[in-house]
Every structure is written in C-alpha cells, then in structure tokens.
1. Suppose R0 equals 30 Å. What FRET efficiency, 1/(1 + (r/R0)^6) with r the Cβ-Cβ distance, do F252 and K8 give to the nearest 0.05?
2. Sorting I5, I150 on the 10 Å Cβ count, fewest up front, what's the list?
3. How compact is the chain by the rule of thumb for globular proteins, expressed as Cα Rg over 2.2 N^0.38 Å?
4. Find the centroid of the Cα atoms in the range 14-90 and in the range 165-243, then give the distance between the two in whole Å.
5. Give a residue-ordered list of calculated ³J(HN,Hα) values for the range 132-144 (Karplus: 6.51 cos²θ - 1.76 cosθ + 1.60, θ = phi - 60°; whole Hz; x for Gly, Pro).
6. Using Cα pairs closer than 8 Å and at least 6 residues apart in sequence, work out the relative contact order for the chain, in percent.
7. Taking the simple approach of a point 7 Å from Cα along Cα-to-Cβ for both D20 and D182, what is their distance in nm?
8. Return, ordered by residue number, the residues of the range 91-115 whose backbone nitrogen is under 17 Å from a label point located 7 Å along Cα→Cβ of A77.
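What follows draws every value from the coordinates through simple rules; no lab data is involved. Everything numeric in this text was worked out from a predicted model, so none of it was measured. Reconstructed Cβ throughout: ideal geometry from the backbone, glycine too, with neighbour counts over all protein chains shown.
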Amino acid sequence: MKAAILEKYDKNGRQLVIKDLPMPEMGKNEVLIRVSTTGVNPLDNMIVRGEVKLIVPYPMPLVMGNELVGIVEKVGASVTRFKIGDRVYGRMPLARIGCFAEYAAVDENALAQVPDYLSDEEAAAVPLTALTALQALELMQTHEGDTIFISGGTGSFGAMAIPIAKSQGLTVITNGNAAGRDRVMSLGADRFIDYKQEDYAQVLKEMDGVIDTLGDRELPKEFGILKQGGHLVSLRGMPNGGFAQRMQMPWFKRMLFSIAGKKYDNMAAKNGQHYHFIFVHEDGAGLQRVSELFAEQQIKPSVDKVFTLSEVNEALQKVAAGGSNGKTVLKI
Ligand SMILES: NC(=O)c1ccc[n+]([C@@H]2O[C@H](COP(=O)([O-])OP(=O)(O)OC[C@H]3O[C@@H](n4cnc5c(N)ncnc54)[C@H](OP(=O)(O)O)[C@@H]3O)[C@@H](O)[C@H]2O)c1
C-alpha cells in the first residue's frame, strides 16, 4: 500500500516521501480500514518539526496522519463494535498514528460511526478537533449558563468547539479572522471579535473559562480576562506537571513538565485560577457522542481544500501558511 512517510524529524519542516509499504499488521482489538479521507492539521507539521517528541516520541520512519475516515475491511478476533463495511472515523491512537496511507489498522476503541449526512471529506474535519473540544471543555469544568472565550475560533478547532460548547448551554465569545465571522456566528457563537481590529483583553472580563489556541504570546492576556477560580485550557502553551500526570508519564517527564509549565501554573495561581495543557487523545465513545450531536443539529464542517496523497506536502504547506477557510483534507 502507498503511505506518506516522515524519515527524520526536521525543525525546518522536512518533505514527506510516498512509499510502498506492506499492509499494516492487525491486533485482535483492531479493525483494518481502507482509508478514504484524512484531515491535515497543524499537529502534523509540529510532528515533522519534532515539536511534540517529548510528549509522544515516535520512532522513525513514521507513517504520518492523525485522523481518518474509511471503510472497515477486516475485524480482529476481539472486535465487538464494528463489522466489515462500516463507515468509521477517528483520531488515531496517540501511540500508533499513521493514516496518510491507503490502509490503517486502528483499535476499535478509537473509532465511531460516521453520521450518514456527512461526506467523507466533511467527516475528515471532525475527529481530532471535536475530541480536543470535548476534552478541553471537560477540563474547564464549566456549567450551563457559563460564558467562555475561545481564541482563534475561526480555525478548524473553533468549527467543532463552538457547536459543542453551545450544546452544553455555554455562551461562547470568540475572536479570529474577519473572513470567518459569518461562519462562526452561524455555528452559534454569541459574539465575534475581529482580532485585527479589536483587542479582546480590552473588552472582556470575568470569563468563566478560556480555551487558548494561540499559546505563549496570548496566555498572559487570556489569564487577564478569566475570573478568579476559572480554568484556562491551552492547546498551544507549555505542557505542565498536571498534564504529565494525566498522561501517566514517567517520573522524569512529570518533573520536566512541572518545571516547564511552572510559569503558567504560577500565573494562574496568583488569582486562584487553574492552568491546563491538553494534547488530544483518541476516544471512540466521545466521538460517537459528537456524531449524535452533529447528526441531530446537521452541523456541516467546512472543508477548505482537498489534496491527493501524492500532494501531501502541498497540503502540509497550506496548513502551515494559515488563512484557513476550513479543513485541509487528503483524499486517498
Ligand atoms: N493540543 C492539541 O491537542 C491540539 C488539538 C487541536 C489543535 N491544536 C492547536 O490549536 C491551534 C488551532 O488549531 P486549528 O486547527 O483551529 O488551526 P487553524 O485552522 O489554522 O486556525 C487558526 C485560526 O486562528 C486565527 N488566528 C491567527 N492569529 C490569531 C490571533 N492573534 N488572534 C485570533 N485569531 C487568530 C487564524 O486566522 P488567520 O487566518 O488570520 O491566521 C485562524 O482562523 C493550532 O496551533 C493547533 O496546533 C492543538
């Protein structure tokens, strides 16, 4: 089968190579999926640049790709949730990514059924960012009626996080690129701030929760608009000790991340706030809940551009360049 492979980490962004590989070996809890589409994410570029290797140290060479849509072709002996022919999607298990490929073997617990109303291209926009939103909202410990701020909500994360947050009864304020205003308002955002025209830190205060997608340069301002005791969940900031503990990392990584994330833990503690870093993990059951919610509300993810597997490097460059109008997708 053909697959896009990273041969070596490269902080300047190395090109992936397309190679012929043997079919993936299947464990007893896994299904073999004929991949139809896969989402391309900023995370893929971060993996190429070696920026997440302390969190997940992948051995090289590595078949790239973190989320997939496809058809089940074979099921392992212990699989109970899926059968041959099912149309499934999921975030690949953290320890075993690799779906920029014609086939992937995936643990059934990472998968969910794709809602019928979504095309394969649209479905590829859902798993990774929708699960990030679920996992971030859980850490934020917000309740119905609370107000949250999501930075950079005009990207592919916001497209999932806004409707999911709304379904939990939250008021959602977001900022981002003006071109995405109508799209995020139609997803249910209650207020939009154009990041090039207005500084959210001047107009917002006492947020019950904040989801940060921008990292170091914005975090101090984001803490500034968070209420005392509120939770800030960052997708882009520094991992901290709490994160290492949740990920059940060995003691030396817990120590390392405790030191690395201390700056933000301290910043939070000054006002009795809480800082969390998140690295999205697989969760088939959570994704099934998203499928049900999206089918009920007929939420349509927006797809920006669709590339082929042989155009994978162009797709990665497009994601790196920003200016996204929705998800970048590979059609395998
Ligand atoms: N930790 C995790 O598990 C996890 C999971 C998912 C995503 N993430 C991270 O979350 C971030 C967002 O992901 P994404 O897929 O939504 O990215 P994306 O599709 O590239 O969207 C980013 C959005 O943010 C906007 N933006 C840029 N600078 C901004 C600023 N200063 N203020 C407000 N908005 C700004 C961008 O607008 P322009 O078009 O003007 O640039 C764009 O609309 C990425 O860094 C990604 O790595 C992390």
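1. On the way: r = 25 Å, r/R0 = 0.82.
Rounded to the nearest 0.05, the efficiency is 0.75.
2. Working: I5 19, I150 28.
By the 10 Å Cβ count, ascending, the order reads I5, I150.
3. Values: Rg = 19.3 Å, N = 332, 2.2 N^0.38 = 20.0 Å.
So the chain has a normalised radius of gyration of 0.97.
4. What the calculation gives is 31 Å, centre to centre.
5. After applying 6.51 cos²θ - 1.76 cosθ + 1.60, I find 4, 4, 4, 5, 5, 5, 5, 5, 6, 6, 8, 10, 3 Hz.
6. Working: 772 pairs, mean separation 64.2, N = 332.
Taking the mean separation of contacting Cα pairs over the length of the chain, I get 19 percent.
7. About 4.9 nm, to one decimal.
8. What the label zone holds, given the 17 Å backbone N cut-off, is 108.
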